[in-house]
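Participant: Let me begin by handing over the structure; questions about it come next.
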Amino acid sequence: MEAHTSVDMFAKVLENQLLQTTSIVEQQLDAEIQKLDQMDEDDLERLKEKRLEALKKAQQQKQEWLSKGHGEYRELPSEREFFQEVKESKKVVCHFYRDSTFRCKILDKHLALLAKKHLETKFLKLNVEKAPFLCERLRIKVIPTLALVNDGKTKDYVVGFTELGNTDDFTTETLEWRLGCSDIINYSGNLMEPPFQSQKKFGTNFTKLEKKAIRGKIYDSSDSDDD
């Protein structure tokens, strides 16, 4: 009898909490609706102007990015151009590749898609055989390597496919998540849950990551050159 009474009380408490939460949400909505109802024509006009101004700024920003080569995945003819490219754009992803490495071609496919989606970031590729100075300066030893450059400084690297589920069949969303971890793109998903397509295949190490291990960490890899 006592157990039954306790369950009833618990259910009642939950019901009350739910009703309270619903009431608060309704009050907030009512307040917003009332605020809109009380707006006169001048207020609505100012609101409209602010929205138009925000849209105009967004369009101007988009055009500025496009004029600097954002929106497409481009190859640099030599390492000399690398310095100018990273100087004029805040966020840059540069793929250091080799023609004979088939995994570089896998990355090319995903990077071309992300370049179109994330206009805020410049996506480049550079043949390591044309960039001996840069490879030495950035200590690039494993191919493929993505150098993630923020404000002219290389802040992070994606080395091989270890952090992409350790498979050649990783999805574009997985690479997008990894770039989001380094804040080199504007990522709208949940950084705490990598979008690996098969958790069982990749093991429990990739199911969730500690938040502090996502942003600001220099990722490392013990992969060797894959020719």
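The values are calculated or read from the model by the stated rules, or taken from the named source; none is laboratory data. Since the model is a prediction, treat every value here as computed from it, not as a measurement. Quick reminder, even Gly has a Cβ in these numbers, built from the backbone with ideal geometry, and neighbours come from all protein chains shown. Protein only, heavy atoms only, side chains kept; ligands, DNA and RNA dropped before computing areas. Shrake-Rupley method; radii C 1.70, N 1.55, O 1.52, S 1.80 Å.
Participant: Filter segment 73-105 for residues that are in a helix (DSSP H, G or I) and among the aliphatic types (A, V, I, L, M) and give the result.
Facilitator: Residues of segment 73-105 that are in a helix (DSSP H, G or I), as a first pass: 80-88, 102-105.
VAL86, the sole residue that qualifies.
Participant: Among LEU111, LEU146, LEU124, which is touching a Leu at 6+ places or on another chain (Cβ under 8 Å), assigned to a helix (DSSP H, G or I) and of a type in the set (A, V, I, L, M, F, W, C)?
Facilitator: Working: LEU146 fails: assigned to a helix (DSSP H, G or I); LEU124 fails: assigned to a helix (DSSP H, G or I).
Going through LEU111, LEU146, LEU124 in turn, the sole match is LEU111.
Participant: Would you confirm, using the coordinates I've provided, whether CYS135 is in a helix (DSSP H, G or I) and touching a helix residue (DSSP H, G or I) at 6+ places or on another chain (Cβ under 6 Å)? Even if it seems obvious, please write down each step before you answer.
Facilitator: Details: in a helix (DSSP H, G or I): yes; touching a helix residue (DSSP H, G or I) at 6+ places or on another chain (Cβ under 6 Å): yes.
When the stated conditions are applied, CYS135 passes them.
Participant: Also: Just name the residue that is nearest to ARG98 (Cα to Cα) out of those in segment 134-185 that are free of Cβ contacts under 8 Å to residues at least 24 places away in the same chain and under 14 Å from the mean Cα position of the chain (by Cα).
Facilitator: So the residue we want is LEU164.
Participant: Output the number of residues of segment 37-52 satisfying the condition of being at pLDDT below 75 and open to solvent by 100 Å² or more (accessible area, probe 1.4 Å).
Facilitator: 2
Residue-by-condition table, conditions (1) among the polar types (S, T, N, Q); (2) over 30 Å from LEU134 (Cβ atoms); (3) touching a residue at least 12 places away in the same chain (Cβ under 8 Å):
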{"site": "ASP37", "(1), (2), (3)": "no, yes, no"}
{"site": "GLU53", "(1), (2), (3)": "no, yes, no"}
{"site": "GLN61", "(1), (2), (3)": "yes, no, no"}
{"site": "TYR73", "(1), (2), (3)": "no, no, yes"}
